[in-house]
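Read-outs: derived from the displayed coordinates by stated rules, not from any lab. Just so it is clear, the model here is predicted, and its values are computed rather than measured. FYI the Cβ positions are ideal-geometry reconstructions off the backbone, even for glycines, and counts take in every protein chain you see.
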Amino acid sequence: MSTTHHTTWQLGDRTVNRLGYGAMQLAGPGVFGPPKDPEAARAVLRAAVEGGVDHIDTSDFYGPHITNRLIREALHPYPANLSIVTKIGARRDAGGNWLPAFSKEELTAAVHDNLRNLGLDSLDVVNLRAMFDVHGPAEGSLEAPLAVLAGLREQGLVRHIGLSNVTAAQVQEARRMVPIACVQNQYNLVHRGDDALIDALAAEGIAYVPFFPLGGFSPLQSDTLSAVAARLDTTPMAVAIAWLLQRSPNILVIPGTSSVTHLRQNLAAAALVLPADAVAELDRIAAMS
Ligand SMILES: NC(=O)c1ccc[n+]([C@@H]2O[C@H](COP(=O)([O-])OP(=O)(O)OC[C@H]3O[C@@H](n4cnc5c(N)ncnc54)[C@H](OP(=O)(O)O)[C@@H]3O)[C@@H](O)[C@H]2O)c1
């Protein structure tokens, strides 16, 4: 795997750079409430687009409503090539807890909230975030909520539908009902439960967008990762991003950061090519954990 990787992949009806940006870290602590410095958050978004990002992942349940409003304030009117991917299916209570919001009324209101907060007439991609288990995929039919989302798509309020926190069976069920543009589950070089799903989606041309690509709230830590990074004269986070880019051409990476410095480091990782021996070493981390 020492050749350079594909730099773009299909997301709905657009071709996007494989390195995008995840906006969740721009909300306040616990993804609840506003950030300490909203102007710094807007600066990260502007730097992302200036750095070539054409795919931003967000949701109205970040804040709630905070990251979407920051995106609109920083970037509206949006560049024509920018895909903003949002997600629905959850809500926050007054204490910040994450609860399912799967009724027709809740899903419809969520699409309208996203349209208003992002300042759009139509959402590029809406992921249905399954909530049978908030922490990870769990079986359960998505037929009823997907039918609602498909109806909103027919009305022109949503251009493409994706799925998040789902099992392979749920992806199959969904694909029998509507075209699926992308799947967003937890995956990174340590957390590889979706290896088979990623390969199956790649064969169908469907984007796979790992969440927590750098490990999430506690970024990945491993002696092997640090050793590989030191040997290649780069950082562990850059290696984690490069590993995802090399893992499969349908993986779109959306590292989250609240820092312009980290954002620039993450974007620079697109140019990092991991030699085969480094990939083999990194592959052993998941096998051993
Ligand atoms: N569908 C879902 O259920 C779901 C769940 C979680 C997340 N997501 C989406 O996935 C996106 C990515 O996940 P994430 O943001 O939670 O986690 P992540 O990208 O795995 O990691 C973010 C963490 O890494 C740190 N970081 C980023 N770049 C760094 C760098 N160059 N050097 C050192 N530290 C760095 C960030 O801190 P700093 O702010 O200090 O850089 C933050 O603590 C989110 O933004 C969100 O859009 C979706």
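List of remarks:
- Applying a threshold of 8 Å to beta carbon distances and a minimum spacing of six or more residues, or different chains, the list of pairs starting in the stretch 206-217 at a residue that is closer than 13 Å to I241 by Cα and ending at one that is part of a loop (DSSP other than H, G, I, E, B) and within 6 Å of the ligand (Cβ to nearest atom) reads V209/I254; P210/I254; F211/I254; P213/I254; P213/P255; L214/P255.
- Taking the numbered list (1) crowded, with 16+ Cβ neighbours inside 10 Å; (2) within 16 Å of the ligand (Cβ to nearest atom); (3) part of a helix (DSSP H, G or I); (4) of a type in the set (V, I, T) in turn, T261 passes all entries but (1).
- Only a single criterion out of (1) in contact (Cβ under 8 Å) with a residue 40 or more places away in the chain; (2) over 18 Å from L252 (Cβ atoms) is not satisfied by A147, namely (1).
- Members of the stretch 26-46 that are surrounded by fewer than 17 Cβ atoms within 10 Å (Cβ to Cβ) and either in a helix (DSSP H, G or I) or free of Cβ contacts under 8 Å to residues at least 12 places away in the same chain (or both): P29, G30, K36, D37, P38, E39, A40, A43, R46
- The set of residues in the stretch 212-225 being surrounded by 19 or more Cβ atoms within 10 Å (Cβ to Cβ), over 15 Å from the mean Cα position of the chain (by Cα) and within 11 Å of the ligand (Cβ to nearest atom) consists of L220 alone.
- So E73, is it among the acidic types (D, E) and either within 25 Å of F217 (Cα to Cα) or touching a residue at least 60 places away in the same chain (Cβ under 8 Å) (or both): no
- Scanning the stretch 264-289 for residues that are more than 16 Å from the ligand (Cβ to nearest atom) and charged (D, E, K, R), we see that the one that is nearest to S83 (Cα to Cα) is D283.
- One residue from G33, G28 being in contact with a strand residue (DSSP E or B) (Cβ under 8 Å, 6 or more places away or on another chain), more than 30 Å from L282 (Cα to Cα), of a type outside the set (S, T, N, Q) and within 13 Å of the ligand (Cβ to nearest atom): G28
- Top-ranked residue in the stretch 149-202 [being among the β-branched types (V, I, T), within 23 Å of K104 (Cβ to Cβ) and more than 15 Å from the ligand (Cβ to nearest atom); ranked as surrounded by the most Cβ atoms within 10 Å (Cβ to Cβ)]: V158
- The residues of the stretch 210-258 that are outside any helix (DSSP H, G or I), of a type in the set (A, V, I, L, M, F, W, C) and more than 30 Å from P38 (Cβ to Cβ), listed by number, are L232, I251.
- Residues that are more than 24 Å from Q184 (Cα to Cα) and either surrounded by 16 or more Cβ atoms within 10 Å (Cβ to Cβ) or touching a Lys or Arg at 6+ places or on another chain (Cβ under 9 Å) (or both) occur in the stretch 235-248; there is at least one.
- Listing of strands (runs of 3 or more DSSP E) fully contained in the stretch 47-164 that carry 1 or more residues being basic (K, R) and within 19 Å of G20 (Cβ to Cβ): 83-88, 123-129, 158-164
- Filter result for the condition that a residue is surrounded by 20 or more Cβ atoms within 10 Å (Cβ to Cβ), among the β-branched types (V, I, T) and within 24 Å of L45 (Cα to Cα), over V228, V209: V209
- Scope the stretch 83-100; condition buried (at least 18 other Cβ atoms within 10 Å of the Cβ) and not polar (S, T, N, Q); matching residues: I84, V85, K87, I88, G89, A90, R91, R92
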